[in-house]
Amino acid sequence: MKLSRIILATAVLAAVPTLGLAQEEAPGFDEIGPYIMTTLLFCMAGFLVFFMACGFAMLEGGLVRSKNVTMQMTKNIGLYSIAAIMYWLIGFNTMYPGDFNGFFAIGGPTVLDPVGVAAADAALDYASVGSDFFFQLVFVAATASIVSGALAERIKLWPFLIFVVVLTGLMYPISGSWQWGGGWLSEMGFSDFAGSTVVHSVGGWAALAGAIILGPRLGKYKDGQVNPMPGSNLALATLGTFILWLGWFGFNGGSQLAMGTVGDVSDVSRIFANTNMAAAAGAVTALILTQVLYKKPDLTMVLNGALAGLVSITAEPLAPTLFGALWIGAVGGVIVVFAVPMLDKMKIDDVVGAIPVHLFAGIWGTIAVVFYNSDASIVTQLTGIVAFGVFTFVASLVVWIILKGIMGIRVGEEEELAGLDVSEMGMEAYPDFTKG
């Protein structure tokens with residue numbers, strides 16, 4: 001018994017130095033904390049931006065007529081799923097190619113961190129590859145959603161989804177690499193914090209090209225008049241707007257790209273406050289303007305005013321004061337109220353107002369960066385706006401024309417009048433109600 005106690009004591013004493021060594025070798029929070037917190041930021045912000053897919057679907061489902069709702073739901077779940085696959089297959093490593101010529105590089109499939117990676121094997125200088133990939137992925141899906149709403153009620157399903165393949169796999173990643181991938185615009189000093197241009201105007205330019213090639217809905221413009229085509233469910237559209245508003249906190253807050261210091265966390269909270277203020281100002285501005293101009297407030301304009309405020313602040317949500325965020329968002333609300341009828345005069349049919357919200361307010365937001373970011377110049381900002389616009393619009397125009405020539409992109413007149421739910425999908429969203 002005594003001998004066994006001696007052996008046990010000897011074993012314990014022998015293990016003490018080893019335990020101490022293990023404690024010394026284990027990385028402390030100062031080393032792993034920034035990696036953990038930034039990875040957490042990407043995961044949390046990513047699922048908030050993912051929830052924006054629901055917001056887009058609800059907004060579009062509420063603003064289209066009841067006979068086209070199933071089609072919009074199918075397009076939205078289809079485009080998100082395609083974006084997820086294409087961004088893994090080619091998009092992520094095309095947008096973030098590392099060392100490249102600054103203009104163009106094609107990457108391969110995304111490879112994730114090893115399962116259960118240890119601290120000693122992880123690249124602790126940033127965040128996990130999986131969290132970074134997921135956060136960037138949900139952005140490209142938002143870009144495709146912009147196109148979906150603008151071209152609603154007359155586009156065929158499969159040509160649209162083929163366009164999404166090209167947009168999410170090639171077009172968006174290539175232009176995105178110019179700024180966020182360290183390309184030529186980034187080196188020039190172009191500033192776009194969370195994507196007023198990189199994300200929103202890209203979706204707007206693609207939608208504009210599609211709307212021009214596709215043409216307006218039947219009966220929208222007749223005898224010099226603009227015929228309103230009210231949506232099926234404004235309650236659903238309002239819900240979608242609030243969901244998008246919520247998701248935008250992840251959109252802009254996550255774009256801080258770091259949460260490992262007190263300063264980073266404080267900046268994220270500042271971004272949240274500015275993002276919220278800009279949305280509120282855009283909504284209130286649209287509410288007041290439509291009351292003044294049309295003698296009654298227009299809910300659809302108010303919803304888009306909030307979204308335009310959000311797009312406007314996205315290029316620089318950190319630097320402005322709360323008052324700065326207020327007036328930047330308010331200008332976005334003004335843009336929507338005047339841009340929607342302007343497009344109608346040009347007979348460009350945008351069902352949900354996506355082009356004024358994402359393209360025009362996106363341009364404004366990118367210009368507004370110069371008011372609060374002393375490192376930004378108006379010449380560089382305009383250069384970036386033009387570069388993204390020319391590339392995306394021309395490339396989209398080419399793809400739409402090719403699709404139109406090969407398989408046609410618009411349903412027939414009878415199919416459009418009957419509604420795409422019946423003609424394209426074979427099922428109705430509201431089968432128990434009268435078709436609208």
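For the chain, the number of Lys pairs separated by eight or more positions or lying on different chains, with C-alpha atoms closer than 17 Å, is 10. With the Cα gyration tensor of segment 349-436 giving a ≥ b ≥ c as the square roots of its eigenvalues, does the rule (a/c under 1.5 for rounded; else a/b larger than b/c for prolate; else oblate) give rounded, prolate or oblate? Because a/c hits 1.5 or more and a/b fails to exceed b/c, segment 349-436 counts as oblate. Against the chain, whose longest principal axis comes from its Cα atoms, helix 262-294 is set at around 10 degrees.
Charge dipole of segment 304-436 (Cα centre as origin; +1 on each Lys and Arg Cβ, -1 on each Asp and Glu Cβ, all else neutral): 560 debye, rounded to the nearest 20. Structure remark: mean-square fluctuation, Gaussian network model of the chain, C-alpha springs under 10 Å; the largest value among 179, 72, 225 belongs to 225.
Against the empirical 2.2 N^0.38 Å (N residues), segment 348-394 has a Cα radius of gyration ratio of 1.31. Taking Cα atoms, how many degrees apart are the long axis of helix 378-406 and the longest axis of the chain, rounded to 10 and kept between 0 and 90? Taking the Cα atoms of the chain, the angle to 378-406 is about 70 degrees. Placing a pseudo-label 7 Å from each Cα along the Cα-to-Cβ vector at residue 261 and residue 104 gives an inter-label distance of 3.9 nm.
Size of segment 267-307 from its Cα atoms: along the principal axes, largest to smallest, the extents are 41, 14, 7 Å. With the alpha-carbon atoms of segment 30-86 aligned to their principal axes, the span from lowest to highest coordinate is 57, 23, 8 Å, starting with the largest. Quick check: the angle from helix 299-314's long axis to the longest principal axis of the chain, C-alpha only, nearest 10 degrees? Its long axis makes an angle of about 40 degrees.
In a simple Cβ point-charge model (Lys, Arg +1; Asp, Glu -1; nothing else charged), segment 227-381 has a dipole of about 400 debye relative to its Cα centre. In segment 280-436, Cα pairs under 8 Å separated by at least six residues give a relative contact order of 19 percent. With Rh defined as the Kirkwood radius, the inverse of the mean 1/r over Cα pairs, the Rg/Rh of segment 142-218 is 1.05. Comparing Cα centroids, segment 109-162 and segment 377-436 end up 22 angstrom apart.
Counting Lys and Arg as +1 and Asp and Glu as -1 over every other residue whose Cβ lies under 12 Å from the Cβ of residue 71, the net charge comes to -2.
Between the listed residues 422, 408, 359, the Cα displaced farthest toward the positive end of the dipole of segment 294-436, a dipole computed from Cβ unit charges relative to the Cα centre, is found at 359.
Give the shape of segment 311-403 as rounded, prolate or oblate, defined through the alpha-carbon gyration tensor: a ≥ b ≥ c are the square roots of its eigenvalues, a/c under 1.5 means rounded, and otherwise the shape is prolate if a/b is larger than b/c and oblate if not. Here segment 311-403 falls in the oblate category.
Extending 7 Å from the Cα toward the beta-carbon at both residue 378 and residue 295 defines two label points whose distance is 4.0 nm. In the chain, taking the dipole from charged Cβ atoms about the Cα centre, the farthest positive-side position among 279, 384, 102 is held by 279. Relative to the globular-protein estimate of 2.2 N^0.38 Å, the Cα radius of gyration of the chain stands at 1.12. Rounded to the nearest 20 debye, the dipole size of the chain about its Cα centre is 1020 debye, using +1 on the Cβ of Lys and Arg and -1 on the Cβ of Asp and Glu.
Where a number appears in this text, it was derived from the coordinates with a stated rule and is not lab data. Everything quoted here is computed from the prediction, not taken from an experiment. Heads up, the Cβs are rebuilt from the backbone with ideal geometry, glycines too, and the neighbour counts pull from every protein chain shown.
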